[in-house]
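Computed from the coordinates by the stated procedures, all read-outs in this text should not be read as laboratory data. Here the structure is a predicted model, which is why all the values come from computation and not from measurement. Every residue, glycine as well, gets a Cβ built from its backbone with ideal geometry; the counts of neighbours run over all protein chains shown.
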Amino acid sequence: MARLTAPEIQAMKQRGEKIAMVTAYDYSMARLMDRGGADMVLVGDSLGMVVQGESDTLRVTLEEMAYHGRCVARGLERAHLTIDMPFMTYQVSPAEALRNAGRLIQEGRAQAVKLEGGARTAPAIRACVEAGIPVVGHVGLTPQSVHAMGGFKLQGKDEAAAARILEDALAVEEAGAFCIVLEMIPASLAAELSQKLTVPTIGIGAGPDCDGQVLVCNDLLGLDERFKPKFVKRFAELAAVVEGAARDYVAEVKSGAFPSPANVVGGGRVQLYGTGA
Ligand code: KIV
């Protein structure tokens with residue numbers, strides 16, 4: 001099956017088909033999200049928080065993103081793959097942004113890169129797009145600016161702030177981004193942006209009127225029982241399932257119930273991982 005392309009993602013907006021994007025950070029999760037029908041998989045720098053256990057995304061490196069990109073790419077048959085450009089890999093100059101975006105394409109197997117920021121990021125976006133690298137924009141709450149924003153907070157609450165986000169989104173579209181993530185902005189503003197922009201908007205904490213939605217896979221699967229912000233819907237409660245399975249496994253190892261005769265390997269070839277082919 002062929003992988004979806006940036007123009008095909010754009011065409012979904014034209015025909016009114018919602019775009020489902022989800023993050024993944026490894027082969028197994030990417031494969032399941034792809035089989036579940038996700039249109040776009042994002043190796044988000046949220047990996048700093050949900051994989052590495054940091055309190056923000058600021059310490060993630062380009063090498064880590066490329067490594068996780070390669071792992072995820074192997075699991076995808078249909079979904080389009082975007083990789084986040086980490087903090088300080090695109091802010092210094094458009095030339096540096098282009099060089100680093102190129103590495104995520106070559107070493108991370110990305111089909112597109114995502115850059116946070118509006119008008120100030122437009123020159124970097126333009127440099128990538130002119131070199132043939134599709135770009136996903138990201139405005140509203142931009143977690144790499146957490147210190148400047150004073151925390152992970154709803155953006156665009158008053159008229160002036162909303163007008164700045166609108167200008168930012170238009171600048172990102174003008175620079176050539178093929179879709180734009182809108183994070184943590186009022187639903188009414190996201191609806192207005194989705195109408196004004198010709199490229200698709202992908203919302204997270206931005207209400208129902210975006211052209212698509214994105215969630216962190218750990219959040220939609222309920223992998224951390226402590227984290228339940230209002231904008232997240234848990235489609236499963238895997239924290240309890242995984243913890244329960246770990247508990248049962250430990251108990252059976254301790255009691256000697258595992259491995260049972262059914263788990264004892266005889267002669268012949270053994271399947272380890274993958275298809276066994
Ligand atoms: O890093 C990330 O996972 C993201 C999404 C939440 C949009 O940027």
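Gain on full extension, evaluated as 0.36 nm per residue between ALA187 and ALA131 minus their Cα-Cα distance, stands at 16.8 nm. Go through VAL50, PHE87, GLY75 and say which Cα lies farthest out towards the positive end of the charge dipole of segment 48-89; charges sit on Cβ, +1 for Lys and Arg, -1 for Asp and Glu. Comparing the listed Cα positions along the dipole, GLY75 ranks first. For the pair GLN271 and LYS228, a Förster radius of 45 Å applied to the C-beta separation gives a FRET efficiency near 0.75, rounded to the nearest 0.05. Quick one: among GLY118, GLY207, GLY44, which has the greatest mean-square fluctuation in a GNM of the chain with alpha-carbon springs under 10 angstrom? Judging by the Gaussian network model, the answer is GLY207. Between VAL250 and HIS147, the distance separating the two model label sites (each 7 Å from Cα on the Cα→Cβ line) works out to 3.8 nm. About its Cα centre, the dipole of segment 102-143 is roughly 20 debye, where the only charges are +1 on Lys and Arg Cβ and -1 on Asp and Glu Cβ. Computed from backbone phi with θ = phi - 60° and the Karplus coefficients 6.51, -1.76 and 1.60, the 3J(HN,Hα) list for segment 5-17 is 10, 4, x, 5, 5, 4, 5, 4, 5, 4, 9, x, 8 Hz; x is used for glycine and proline. Per residue, the chain reaches -11500 deg cm²/dmol at 222 nm when only DSSP H runs of four or more residues are counted, each adding -39500 (n - 2.57). Put in order of Cβ neighbour count within 10 Å, fewest first, the listed residues TYR67, TYR25, TYR273 become TYR273, TYR67, TYR25.
Applying both filters, DSSP loop and at most 12 other Cβ atoms within 10 Å, to the GluC sites (Glu not before Pro) of segment 195-277 gives GLU225, GLU237. First obtain the Kirkwood hydrodynamic radius of segment 6-220 from its Cα pairs, then insert it into the Stokes-Einstein equation at 20 °C and 1.002 mPa s, and state the resulting D in µm² per second as a whole number. D, rounded to a whole number, is 128 µm²/s. Computed from point charges on the beta carbon alone (+1 for Lys and Arg, -1 for Asp and Glu), the dipole magnitude for segment 1-119 about its Cα centre is near 440 Debye. Listed by Cβ neighbour count within 10 Å, with the fewest neighbours leading, THR121, THR57, THR5 appear as THR5, THR57, THR121. For the residues VAL92, VAL113, VAL72, a GNM of the chain with alpha-carbon springs under 10 Å puts the largest fluctuation on VAL92. Under a Gaussian network description of the chain, with springs only between Cα atoms under 10 Å, the residue in ARG78, ARG15, ARG70 that fluctuates furthest is ARG15. As a length-normalised measure over Cα pairs under 8 Å and 6 or more apart, the relative contact order of segment 6-220 settles at 19 percent. Ordered by the number of other Cβ atoms lying within 10 Å of each residue's own Cβ, fewest first, LEU42, LEU32, LEU4 fall into the sequence LEU32, LEU4, LEU42. Identify, among PRO208, CYS128, ALA169, the residue whose Cα sits farthest towards the positive end of the charge dipole of segment 6-220, taking +1 on the Cβ of Lys and Arg and -1 on the Cβ of Asp and Glu, with the dipole about the Cα centre. Sorting the options by dipole projection puts first CYS128.
Rounded to the nearest 20 debye, the dipole size of segment 74-193 about its Cα centre is 420 debye, using +1 on the Cβ of Lys and Arg and -1 on the Cβ of Asp and Glu. Of all aspartates and glutamates in the structure, the ones whose alpha carbon falls short of 20 Å from that of LYS228, not counting any fewer than 8 places away in one chain, are ASP45, GLU54, ASP56, GLU183, ASP219, GLU237, GLU243. Scalar couplings 3J(HN,Hα) for segment 241-255, obtained by applying the Karplus form with A = 6.51, B = -1.76, C = 1.60 to θ = phi - 60°, are 5, 5, 5, x, 5, 4, 4, 5, 4, 4, 4, 6, 5, 5, 7 Hz; x denotes Gly and Pro.
Could you give the length gained on full extension between GLU77 and ALA262, defined as 0.36 nm per residue of separation minus the Cα-Cα distance, in nm?
63.2 nm
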